[in-house]
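The values are calculated or read from the model by the stated rules, or taken from the named source; none is laboratory data. Here the structure is a predicted model, which means the values were calculated and not measured. Every residue, glycine among them, receives a Cβ derived from its backbone with ideal geometry; neighbour counts consider all protein chains shown. The area values use the complete protein model at the heavy-atom level, side chains included, leaving out ligands, DNA and RNA. Shrake-Rupley method; radii C 1.70, N 1.55, O 1.52, S 1.80 Å.
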Amino acid sequence: MTTKKKNLMTACLLILIMLTVPQEQGQAFPPPGKDGRISLQFRNMNIQDVLKTLSMEGNIKIVTSKTVQGNVTIFVDNVSVMQALNLVVEMQGFAYYKDGDIIKVVSNEEYKKRFGRNFRDRVRTEVVQLHHAPADQVLKTVFQLKSNEGNVIADARSNSLILVDLPAVLSEMKAVIARMDVARHFRAFSLRHISVQSIADAVKSMVSPGAKLTSDPATNQLILVGSAEEIKRVEDFLKEADVSGSSTMEIFSLQYADAEEIAKKLESELTPGLGSAVIDKATNKLLVRDLPDNLPFIRQLVTSLDQKTQQVLIEAKIIQIVLNESFKMGVDWSAVSEQLNGTIDISSQFKVLSDNDNGGRISATGLDKGPHTLDAVIEALQGVGKTDLLSNPRITCVDGQEAHILVGSSVPYKTIDTRDNQGVLTTFEKVVTVEVGVKLNVTPKINDDGFITMKIRPEVSNVTSFTDNIPVIEKSESETTVIVKDGITIIIGGLIKDQKIKNESSIPILGDIPLLGGLFSSTSISNIKTELVILIRPQIISGAKDIGLEKEG
């Protein structure tokens, strides 16, 4: 046995004696189920049912003690079965351990009584042998990853690291070590057509901080000590950059645009057979080589394309009106406009739904800028019926991106799913949620003339009943596209809904008398109509300072 191996064994033994915590049987994780990853959506569900679902999903055996009780709410997507089990157990303050091929879920007190420590105190010790990087240098990076319970020690004699921490932290540490412990290669690049001074900064931005780059103007060489991947990346780049001819290279550091997208747009503008555009994804830089006469045009084109994407501030008001008897057909916008001295442009009113569609007709009108504010419109609508401002959101979105507004809730319900596992059919429950209420999706597109094209999709839905525990949803929706000037408010109306309200009244005490109580009580059913009015005001903003603009009026 060599002296190096003896030193390694001695160091490991000392560290294990000082730091290793006894490991209980069962901390080894079982393999995941057939699909490997699962998604869970449980709202206030009994923990026994949740563990049963995990057992079937992961094809594992789970038993619980009598103390494991309570309800669980958890929404996770694309996780392993054991990750889900850890979340459920730790959120509820329980513990688990593995006994043979069975996972036992117990209280933390039962766990501590069995193993002499808390469930969360599961530190482990691992020794990682480094083959290329010095242990003391890697220690500086890895030590920053340890948890409060962990520790990292470097053994310079054996060039190894002793890691003591929780399993999840150990995995992260080993991943970082694997990226740092790579072989370093030496390569000298002799440039023939361009100077090292003009290219050194670009090459430096393409390699990691651990690589060493030296430029020698006397021999016009670049000397690089780095990984094989970095050597290959620089080599490919220099083949494109170090070419003969009277061309000149310019480096563009893009702030907003994607270098790959800009390079595609430059292809047709470069000099055929000579011009080239090379990108560096890591730094989003664009390196363009072309004739000196063509570079000013390329520079102007890149500048015009590398612009901050404009944004649109969308302010919406969603109002519910309980219509009076004289307005059962909906809001008379002509009367409202007359009340506001013609502020509302009713000439743009149009039908979006047909006469036979449910939910009434949707109309879009414009509210001009002027002395009347949106509050004045809301005040005018109070003459139509009782108004209620359901929501007043303000959303900023990038030009061309959809903004989503929901005033409602998510309704959960259970479904039964069946899977075939090697000829054995297994069934399990799955919780699915559906959004109901008032939903508004707006996609703005800024035009060059200061107008905004808006694709508007309103939707109103509610649960009317349940069939086999599955909600029956009544929904009215539509989609339209309007063009509006910056700052002008669009009014969307016509979403009318009928509601039946049951009213019960009785004389106190007398109404509660058995058999005779009906003589002193009454029940009535009233029909009411409500209309939803949506006011949308888009505003083009150029920066953070515009986001806080006050409403006009």
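In Å², and per residue, what accessible area does the stretch 211-316 have when probed at 1.4 Å with the other protein chains present?
53
Per residue, the stretch 370-494 exposes 53 Å² of solvent-accessible protein surface, assessed with a 1.4 angstrom probe and all protein chains in place. Full extension of the chain between Thr309 and Arg117 yields a length gain of 63.6 nm, computed as 0.36 nm times the residue separation minus the alpha carbon distance. Kirkwood radius, the stretch 395-476, all distinct C-alpha pairs, inverse of mean reciprocal distance: 16.0 Å.
Kindly list the residues of the stretch 426-449 that lie in the label zone of Ser39, defined by a backbone N under 18 Å from the point 7 Å along the Cα-to-C-beta vector. Residues 428-436 fall inside that zone.
Across every direction, the projection of the convex hull enclosing the Cα atoms of the stretch 154-282 has a mean area of 11.5 nm².
Our coupling estimate for the stretch 433-448, obtained by passing each phi through the Karplus curve with A = 6.51, B = -1.76, C = 1.60 and θ = phi - 60°, is 10, 9, 8, 10, x, 9, 10, 9, 10, 10, 10, x, 9, 7, 9, 6 Hz, Gly and Pro reported as x.
Per the 1.4 Å probe, what fraction of the accessible area of the stretch 140-221, in percent, lies on carbon and sulfur atoms? C and S fraction of accessible area: 51 percent.
Label-to-label distance for His185 and Asn86 is 3.6 nm, based on points extended 7 Å past Cα in the beta-carbon direction. Remark on Arg124: its backbone amide H falls under 5 Å from those of Asp165, Leu166, a criterion applied only to residues 5 or more positions apart or on other chains, H modelled at 1.01 Å from N.
Using the Cβ-Cβ distance between Val472 and Leu390 with R0 set to 25 Å, the FRET efficiency works out to roughly 0.65.
With 31 Å as the limit, the listed pairs Lys98/Lys174; Lys112/Lys146; Lys52/Lys146; Lys146/Lys212 have Lys52/Lys146 beyond it between alpha carbons.
For the stretch 441-496, the percent of C-alpha pairs falling in each 5 Å distance bin, counted from 0 to the bin holding the largest distance, reads 4, 16, 20, 16, 12, 10, 8, 6, 5, 2, 1.
I need the calculated FRET efficiency for the pair Ser208 and Phe75, taking r as the beta carbon distance and R₀ as 56 Å, to the nearest 0.05.
0.90
Under 16 Å of direct C-alpha separation, and excluding same-chain neighbours fewer than eight residues apart, Lys497 reaches these aspartates and glutamates: Glu325, Asp355, Asp357, Asp388, Glu459, Glu474, Glu477, Glu531.
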